[in-house]
Amino acid sequence: IYNVKVIFEDESLKTYRYNGRIQQLSLEQVLNALALTSPVRFVIDESSVILRENPETRSRYQTQQP
């Protein structure tokens with residue numbers, strides 16, 4: 001939908017799972033929702049999104065074990 005490359009700076013972020021519908025939301029709105037529900041920080045850089053772990057909120061969330 002957004003035609004961006006997603007770069008994970010922290011491999012642990014790949015263990016988080018989300019579901020839901022995205023209807024008429026901007027990329028920034030979607031990323032802000034992720035940041036509210038998981039320990040994620042993001043940077044939008046041209047056609048890439050860089051996801052980083054947010055150490056300030058990390059302790060509030062648990063990852064799923066594979």
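The values are calculated or read from the model by the stated rules, or taken from the named source; none is laboratory data. In this text the structure is predicted, and so the values were computed from the model without any measurement. Neighbour counts run over all protein chains shown; Cβ positions are idealised from the backbone, glycine included. We work out accessible area using only protein heavy atoms, side chains counted, and drop any ligands, DNA or RNA first. Shrake-Rupley method; radii C 1.70, N 1.55, O 1.52, S 1.80 Å.
Taking every protein chain into account, the accessible area of the chain amounts to 81 square angstrom per residue (probe 1.4 Å).
A Cβ-based charge dipole, computed about the Cα centre of the chain with Lys and Arg at +1 and Asp and Glu at -1, lands at about 300 debye. Per atom type, the chain shows carbon and sulfur on 46% of its accessible surface, probed at 1.4 Å.
Rg and Dmax of the chain, both derived from C-alpha coordinates alone, stand at 11.9, 33 Å. Per-residue packing, averaged as other Cβ atoms within 10 Å, sorts the ranges 17-25, 33-41, 46-54, 1-9 into the order 33-41, 46-54, 1-9, 17-25, beginning with the highest.
Stretching the chain fully between residue 3 and residue 17 yields a gain of 3.0 nm (0.36 nm per residue, less the alpha carbon separation). Taking amide H as placed 1.01 Å from N in the peptide plane, residue 54 has its amide H under 5 Å from the amide H of 40, 41, each at least 5 places away in sequence or on another chain. Spin-label model, residue 25/residue 10: points 7 Å from Cα along the beta carbon direction are separated by 2.0 nm.
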